[in-house]
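Data first, discussion second: the structure below is written as structure tokens.
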Amino acid sequence: MALQSVFPTLVYSAPLMRRGLTAFNRQIAREIEQLMLDDRAGQHWSRDNYPGGYTSYGSASRMQDRSPTFAALERRLQRHVDRFAKELGFDTGARPLVMTDCWANVMPTGVVHSLHLHPLSTISGTYYVRTPRGCPGLKLEDPRLDRMMAAPPRHDAAGRRHSPWVTMPVRAGDIVLFESWLRHEVPPNRSSQERVSVSFNFNWF
């Protein structure tokens, strides 16, 4: 008998950088805190679309163009995105993958980010700024789930690679990258502190 794994779904996780992480996270956290106070449009958008939390997605979604700190994040992310694209076998030719969107997210206690994907993007991801103990990870959905019409449930011994949902653990200073078609969500924050992250998209076209 020969078993082969086909159509794999790859997810990339790594520390953003090896040195200077504490100071960098402190600076980006300060800027997000100030943005959250100043961004009236984002406050209104979040009230309707991100109840209980704050995101600059609807108001300031190109933070890499507004802040030197976020521009530095873009530069540091680029090498990780390029490495992931190579593992995915992408042939981008003369058009490199470039960051098109970058926005901040703040999730206080009880806030949830419902199931979604990132249309019209190639590689998406999240950089974690603050991850208090007990805060949720990034929950990924098996992209075949809606096609498993007659599949029985998996037994516990089947392991993670056969699970319909996989939760990526989060740690401040780490990034998670995935192809933008992969649906994902963030369950409710059970921590008493805010979970702070930066999300982004890289596009090829």
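The values are calculated or read from the model by the stated rules, or taken from the named source; none is laboratory data. Only a predicted model underlies this, so the values are computations on that prediction, with no experimental measurement involved. Backbone-built Cβ (ideal geometry, glycine too); neighbour counts: all protein chains shown.
Output the qualifying pairs, or none if there are none: Cβ atoms under 8 angstrom, residues six or more apart or on different chains, first residue in region 45-59 and within 12 Å of Glu194 (Cβ to Cβ), second residue β-branched (Val, Ile, Thr).
Hits for this filter: Gly52/Val111; Gly53/Val106; Gly53/Val111; Tyr54/Val106.
Could you tell me whether region 53-73 includes any residue that is modelled with pLDDT under 95, in contact with a strand residue (DSSP E or B) (Cβ under 9 Å, 6 or more places away or on another chain), on the phi < 0 side of the Ramachandran plot and assigned to a helix (DSSP H, G or I)? Steps first, answer last, please.
In the first step, residues of region 53-73 are kept if they are modelled with pLDDT under 95; the result is none.
No, that holds for no residue.
Could you run through region 171-203 and say how many residues are touching a Cys at 6+ places or on another chain (Cβ under 7 Å) and farther than 24 Å from Asp91 by Cα? So that I can check it myself, show each step before the final result.
Kept after step one, since they are touching a Cys at 6+ places or on another chain (Cβ under 7 Å), are these residues of region 171-203: 189, 191, 195, 198, 200.
Now narrow it down to the ones that are farther than 24 Å from Asp91 by Cα: 189, 191, 195, 198.
Within region 171-203, residues that are touching a Cys at 6+ places or on another chain (Cβ under 7 Å) and farther than 24 Å from Asp91 by Cα number 4.
Could you identify the single residue in Arg83, Arg79, Arg154 that is modelled with pLDDT under 95, more than 20 Å from Tyr50 (Cα to Cα) and among the basic types (Lys, Arg)? Show your work before the answer.
Details: Arg83 fails: modelled with pLDDT under 95; Arg79 fails: modelled with pLDDT under 95.
Within the list Arg83, Arg79, Arg154, the selection yields Arg154.
Would you be able to say whether some residue in region 101-112 is modelled with pLDDT of 95 or more, part of a strand (DSSP E or B) and over 14 Å from the mean Cα position of the chain (by Cα)? Working first, answer last.
Step one: filter region 101-112 for residues modelled with pLDDT of 95 or more, giving 101-112.
Filter once more, so that each one left must be part of a strand (DSSP E or B): 101-107.
Now restrict to residues that are over 14 Å from the mean Cα position of the chain (by Cα): none.
Within region 101-112, not a single residue is modelled with pLDDT of 95 or more, part of a strand (DSSP E or B) and over 14 Å from the mean Cα position of the chain (by Cα).
Please list, ordered by first then second residue, the pairs with beta carbon atoms under 7 Å, 6 or more apart or interchain, first in region 111-135 and under 16 Å from Tyr50 (Cβ atoms), second assigned to a strand (DSSP E or B) and of a type in the set (Gly, Ala, Ser).
His118/Ser124; Thr126/Ser197; Thr126/Ser199
Is it the case that Glu141 is of a type in the set (Asp, Glu) and within 21 Å of Tyr57 (Cα to Cα)? Please lay out each step first, then the result.
On the way: of a type in the set (Asp, Glu): yes; within 21 Å of Tyr57 (Cα to Cα): no.
Answer is no for this residue.
Does at least one position in region 141-151 carry a residue that is part of a strand (DSSP E or B) and either closer than 30 Å to Arg190 by Cβ or modelled with pLDDT under 95 (or both)?
Taking region 141-151 as the starting set, the residues that turn out to be part of a strand (DSSP E or B) are 141.
Those left that are additionally either closer than 30 Å to Arg190 by Cβ or modelled with pLDDT under 95 (or both): 141.
The answer is yes; a qualifying residue exists.
Under the condition of being buried (at least 21 other Cβ atoms within 10 Å of the Cβ) and touching a Leu at 6+ places or on another chain (Cβ under 8 Å), which residue from region 86-117 is farthest from Arg30 (Cα to Cα)?
That would be Met99.
Given (1) within 16 Å of the chain's Cα centre (by Cα); (2) part of a helix (DSSP H, G or I); (3) over 14 Å from Phe202 (Cα atoms), identify the lone condition not met by His80.
Here His80 clears every test but (3).
Tally time: how many residues in region 185-205 are within 22 Å of Asp82 (Cα to Cα) and of a type outside the set (Val, Ile, Thr)? Steps first, answer last, please.
Within region 185-205, the subset within 22 Å of Asp82 (Cα to Cα) is 197-205.
When the remaining residues are screened for being of a type outside the set (Val, Ile, Thr), the result is 197, 199-205.
Residues in region 185-205 being within 22 Å of Asp82 (Cα to Cα) and of a type outside the set (Val, Ile, Thr): 8 in total.
Being crowded, with 17+ Cβ neighbours inside 10 Å and of a type outside the set (Lys, Arg) is the filter here, so list the residues in region 186-204 that pass it. Give the derivation first.
First, pick out the residues of region 186-204 that are crowded, with 17+ Cβ neighbours inside 10 Å: 186, 189, 191, 194-203.
The answer is Val186, Asn189, Ser191, Glu194, Val196, Ser197, Val198, Ser199, Phe200, Asn201, Phe202, Asn203.
Here are Gly134, Gly159, Gly125: which of them is more than 20 Å from Trp45 (Cβ to Cβ) and either crowded, with 17+ Cβ neighbours inside 10 Å or hydroxyl-bearing (Ser, Thr, Tyr) (or both)?
On the way: Gly134 fails: either crowded, with 17+ Cβ neighbours inside 10 Å or hydroxyl-bearing (Ser, Thr, Tyr) (or both); Gly159 fails: either crowded, with 17+ Cβ neighbours inside 10 Å or hydroxyl-bearing (Ser, Thr, Tyr) (or both).
None of the other options fit; the residue is Gly125.
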